[in-house]
Amino acid sequence: MKKNILSAALILILLVPAFAKQKKIPPSVNLTDADVIAFAEHCVDIMDDIEDAGVEEVNDECTKAEKEAVEKILEKYGISGPNRYDKLESIILSYSKCKLEKEMKDSSWFLQLTMAKKIKKLFDEKINPDDEAVVAKHLKLLDEKFGPILEEGDF
């Protein structure tokens, strides 16, 4: 009996840290191909409308009223609900991550090694892999439509 308790305790001691170290995957925002395409096709108009609504930046610090205003704008341009704001964040973050990873391929191995971990840590806590995969399918379109805007720093 004592041996069973000690064995169980030992197993718990060994397994709990392993489970604690597992990273939590963010929930999917259920991003669709149509959402990404609609964003890409209307990104200039979406950004203009967001700016006109008085929203300075799309990030975690937006107020509830700002998020609601962005939700209405995204609905106007065909982004499916109910979590349009989260979809916008996911599109922007996933696209940014894909661009950084693409640029890293042309860098030195040392830079790749050091930056890859930082990129992974920064983005993987906020992006669901399924949503990222949807964005990755449309990189060419996003590069064409959204890339120049992002490079100008207008977003």
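The values are calculated or read from the model by the stated rules, or taken from the named source; none is laboratory data. Owing to the predicted nature of the structure, the values given are computational and were not obtained by experimental measurement. Surface accessibility is based on the protein's heavy atoms, side chains included, excluding ligands, DNA and RNA. Shrake-Rupley method; radii C 1.70, N 1.55, O 1.52, S 1.80 Å.
Structure above, values below:
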{"item": "Violating pairs (Cα-Cα greater than 22 angstrom) within the set LYS76/LYS99; LYS87/LYS120; LYS87/LYS145; LYS99/LYS137; LYS76/LYS97", "result": "LYS76/LYS99; LYS76/LYS97"}
{"item": "Whole-number accessible area per residue in Å² for segment 20-90, which is evaluated in the context of all protein chains at 1.4 Å", "result": "61"}
{"item": "Per residue solvent-accessible surface (Å²) - segment 110-155, probe of 1.4 Å", "result": "67"}
{"item": "Carbon and sulfur %, accessible surface of segment 39-151 computed with the full protein complex present, 1.4 Å", "result": "53"}
{"item": "Segment ASP52-LYS117, extension gain: residue separation times 0.36 nm, minus the distance between their alpha carbons", "result": "19.7 nm"}
